[in-house]
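The values are calculated or read from the model by the stated rules, or taken from the named source; none is laboratory data. Nothing here was measured: the structure is a model prediction, and the numbers come from that model. Cβ placement follows ideal geometry from the backbone for every residue including glycine, while neighbour counts extend to all protein chains displayed. These accessible areas exclude ligands, DNA and RNA; they are computed on the full protein's heavy atoms, side chains included. Shrake-Rupley method; radii C 1.70, N 1.55, O 1.52, S 1.80 Å.
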Amino acid sequence: MSSDQIFVGLEIGTTKICVVVAEGRSEDQISILGVGETPSRGIRKGEIIDMGTATECVREAILDAEEKTNVEIGNVWVAISGGHLRSLNNRGIHVLSHPRQIEQDDLDQVQINAKEIAIPPQNIFLHTILQSYHLDGNRNVIDPLESEGMQLEADFHIVHGMKTRIHNTLRCVESLKLEIEDVVLGSLASAQVIVTQHQKDLGVLVVDIGGGTTDYLIYQDGAVRHSGVLALGGDHITNDISVGLKLPIARAEALKIQEGSATDPVDSHGGVITLKNDPGFLGCEIDRRSLETIIHCRVREIFELIRDDIARNGGDLIGLLGAGVVITGGTARLPGIADVASAVLDQTVQVTTARNVGGPLQTFENPQYSTAIGLTKYARLVTRDLRPVGLLDRISRGFGGIFGRRER
Amino acid sequence: MSAELSHRLIVGVGNAGVAVLDLLAMEEPGFKGFLAVNNDPESLAGTVVRDCLSVPAGDPADGFLAIDEEFGKAVAGASSVVLCGGLGGETASFLLPALAIHAKSNGITVAACVGMPFSFEGKRRTELAETALGKLHAVCDAVAFIGNERLSGGTPSTTAVGEAFALADRTLLSCTRALHGMFSTSGPVRITRADLKNVLGVPGAKILFGSGSASGSNRLHEALEEALSSPLLIQHGKTTPGSALLGVKTVLLLLHGPSDLSFAEVQTAVSGIERIAGDKCQIKTGVLATLPVGSPLTLSIIASSGAGTQIAKASEAPASEVLPQTITTQTPESSTSTTFTEGEVPQPIRKTAKPSTFSARQSSPSKQTQGTLDLDTYQRGRFDKSEPTIVAGEDLDVPTFLRKGIKLSPPRRS
């Protein structure tokens, strides 16, 4: 098997670090060879707060993946998240001196023009995702290349984030002598494997609720219309339980996994949960309704924040979703989460895992792995006709440079 | 001269002081309490400040006598005066202490915010500035001096001259604005004059000052980050933002911003500083949420550390030496008819203040009457030491059920 058909996705998550090794197949398909993972340390809310410890964890996860797949990992695709990421939509306009056939350089130029916007000085562009082209007033031209025209316009969804924080992730990976192929917005990676092109065309909201962050992305007419990251996730639920029920964090986490439910406490059957004595922990009895209240409040708030953010930036995009809402990520396993989302967003909601990939069933049936698997699929789609460009070139261009045209 | 003046006055002295006033006046066009004092007719002709006192050129002492009466009228009825300017020049070095004494003798609380010259400006300027600073310390309730040398990290040779002066001017402006803002705070979360005096009334102490401004959903964090990154808040030889605050006893924190400034943001700012300065640090917070919604939030931090010797010596000099010769004969007006609050004893000129009262106040700065902000209301748990997630002014790390005030049944120990 030639090494250029192997794709490695690395997600440095708040709860776990996950490395997915996949093999590229024909027709844009991928097959998972194996997954390496390790619990995270030194990472909070999706961002590295202790470089040394985090780097060590990434090393362990990479070694685990190498051992399981017998593949020597040299190049990785890295997912990025964090509350510092921001997005906006902007239109680039490129006027030609005289009517002529549109060339590749014109498409590049309109993308450059779209990035002529004020972002905070400490930020860099992460993605410039094409939404649609307009040629001489002819709207939504799918491919203007070789068409004749004079004024080329293009709408882009632009994602930017703090340079230093993005660099921290890069530095962590590069210190392990790994070459970074590219960094990808977490929700964009997840979307590659959990929704189909048909769903993207109809309109779908992808919500990836992880341990430290909640990433969301909304597709309409096949293009990304809005994206966002909330620095809130499963860790907050655990913390709320710990504060509310006066339990140590580890106990609260175990209670969330074993007994947690996001169901509205109004519908609760009530009852008591007994926590047994442990060394250093005095057992106690907990009202189930209290636990459900804590979790429900937090989960509901997360979906309300997403709804309000989309309404603020994209108008009634949620009302226009033809394919509803799709939830993934580790916290998606919380029972009752789809009902809460459905009540808040007034849409059909399903909890989904990676689809249309080959490999061990238990890997892609777990929503925790969606982002890392999505990275490999993204890599497969992007590298089909990619010209070789060094990472440094990409950093100087702000990452969006080479992928703008291809990200769908 | 217009008789209508605000109760809080900002007086800009000399070219640097007038330049600061101009910038402040443009920021706050409605505010009437600006007074520009200078002997440079060109500077006064170009200023946007309405009330100006032109000092005749020549001997500054003669100049002061010429404007003495008018200045007295201008400050009459004011509750506080903030004097600002750059020390080192003949005019400002003489006029600033002289005006401070005059205002103080009228029973007004006086604070001074002054810039000290760079070393490359020459020894003569530095000496003049230090003498003037000593005099200011002797009369003013609070003195904030910006050591320009510290601003440029002690290596002015690598900094462009224009840039160094611009940074000095900006810092002087922010500091004057912060002092004025602190005087303006009222209500339950305010900074009292006693607080200001405790922090800025110690002669020779090094001033730690930082200010940051931001708007948007993460405004508090961004403003705090900018403030802590100020060169005056970074310890020499280190790069960690706010490192100079480690171990200081008292920090004055002013939050000046839009009316939707939330409790959570105040709390975040306080805990952010506490994290750096240590648990023993007392944070005196003042909130001025008077601007329209959408205006940027400005966060200012003032503290002081250590005590210099040279400047302390100057302020220990007998009062007759401290006072400019031309006005030693002035007698302060009745010090009982002042606007001091919280049992403060005015200290206009040492000659007339009761020495015992003065020394007692100096030696027991910890006697505070202000209540402290209750910060234990909310619990952030494991996120206590991490960067807060603020959306629409709400700290989302605090459990949702707590913020919504939902009561839970407590766990029963078996």
- Task: Against the globular-protein guess of 2.2 N^0.38 Å, express the Cα radius of gyration of segment A:307-355 as a ratio, rounded to two decimals.
- Result: 1.18
- Mind checking the angle between helix A:288-314 and chain A's longest principal axis? C-alpha axes, 0 to 90 degrees, to the nearest 10. 10 degrees
- Message: Here is the link list: B:Lys284/B:Lys385; B:Lys206/B:Lys280; A:Lys246/B:Lys385; A:Lys45/B:Lys238; A:Lys45/A:Lys276; A:Lys16/B:Lys385. Which ones come out longer than 24 Å on Cα distance?
- Response: A:Lys45/B:Lys238; A:Lys45/A:Lys276
- Item | Cα-based helix-to-principal-axis angle, A:104-114 vs chain A, degrees rounded to 10 | 50 degrees
- Output the residues of segment B:385-403 meeting this criterion: accessible area (heavy atoms, 1.4 Å probe) in the chain alone minus accessible area with all protein chains in place is 50 Å² or greater. B:Thr389, B:Leu396, B:Thr400, B:Phe401
- Item | Values of log10 I(q)/I(0), in the order q = 0.10, 0.15 Å⁻¹, for chain A under a Debye, Cα-only, solvent-free model | -0.68, -1.42
- Message: What is the ratio of the Cα radius of gyration of segment B:154-278 to 2.2 N^0.38 Å, with N the residue count, to two decimals?
- Response: 1.10
- Using only the Cα atoms of the protein assembly as shown, what do you get for the radius of gyration and for Dmax, in Å? 31.8, 99
- Once both axes come from the Cα atoms, what is the angle between helix A:249-259 and the longest principal axis of chain A, in degrees from 0 to 90, rounded to 10? 90 degrees
- Hey, if you put +1 on the Cβ of every Lys and Arg and -1 on every Asp and Glu Cβ in the protein assembly as shown, which of A:Val299, B:Thr176, B:Ala144 ends up farthest toward the positive end of that dipole? B:Ala144
- Task: Grab the alpha carbons of segment A:2-117, take their convex hull, and tell me the volume per residue in Å³.
- Result: 167 Å³
- Which whole-Hz ³J(HN,Hα) couplings does segment A:176-185 yield from phi under the Karplus relation 6.51 cos²θ - 1.76 cosθ + 1.60, θ = phi - 60°, glycine and proline marked x? 9, 6, 9, 8, 8, 6, 5, 10, 10, 4
- Note on the structure: Expressed per residue, the solvent accessible area of segment A:316-384 in Å² (1.4 Å probe) is about 37 Å²
- Query: Simple spin-label model, 7 Å along Cα-to-Cβ: B:Ala61 to A:Glu67 in nm?
  - Reply: 8.7 nm
- Note on the structure: Inter-chain shielding metric for A:280-290, i.e. average beta-carbon neighbours from other chains within 10 angstrom, reads 3
- Task: Mind checking the per residue accessible area of segment A:178-303 for me, 1.4 Å probe, whole number of Å²?
- Result: 31 Å²
- Task: Along each of the three principal axes of the Cα atoms of segment A:92-241, give the extent in whole Å, ordering the values from largest to smallest.
- Result: 63, 37, 29
- Using a 1.4 Å probe over the heavy atoms of the protein chains, calculate the carbon and sulfur portion of the accessible area of chain A as a whole percent. 47 percent
- Per q in 0.23 1/Å, what log10 I(q)/I(0) does a Debye calculation on the alpha-carbon atoms of segment A:52-124 return? -1.08
- Of all DSSP beta bridges located in the protein assembly as shown, what percent are antiparallel, nearest 5? 60 percent
- Query: To one decimal place, what Kirkwood hydrodynamic radius in Å is obtained for segment B:106-203 from all pairs of distinct Cα atoms?
  - Reply: 14.7 Å
- Message: What does the buried accessible surface come to for B and A, summed over both chains, with the probe at 1.4 Å? Round to 100 Å².
- Response: 2700 Å²
- Arrange the peptides B:68-76, B:240-248 so that the one whose residues have, on average, the most other Cβ atoms within 10 Å appears first. B:240-248, B:68-76
- Message: Compute, for chain A, the length of the dipole vector about the Cα centre, with Cβ point charges of +1 (Lys, Arg) and -1 (Asp, Glu) only. Units Debye, rounded to 20.
- Response: 620 debye
- Note on the structure: Taking Cα atoms only, Rg over Rh for segment B:1-104 with Rh from the Kirkwood formula is 0.92
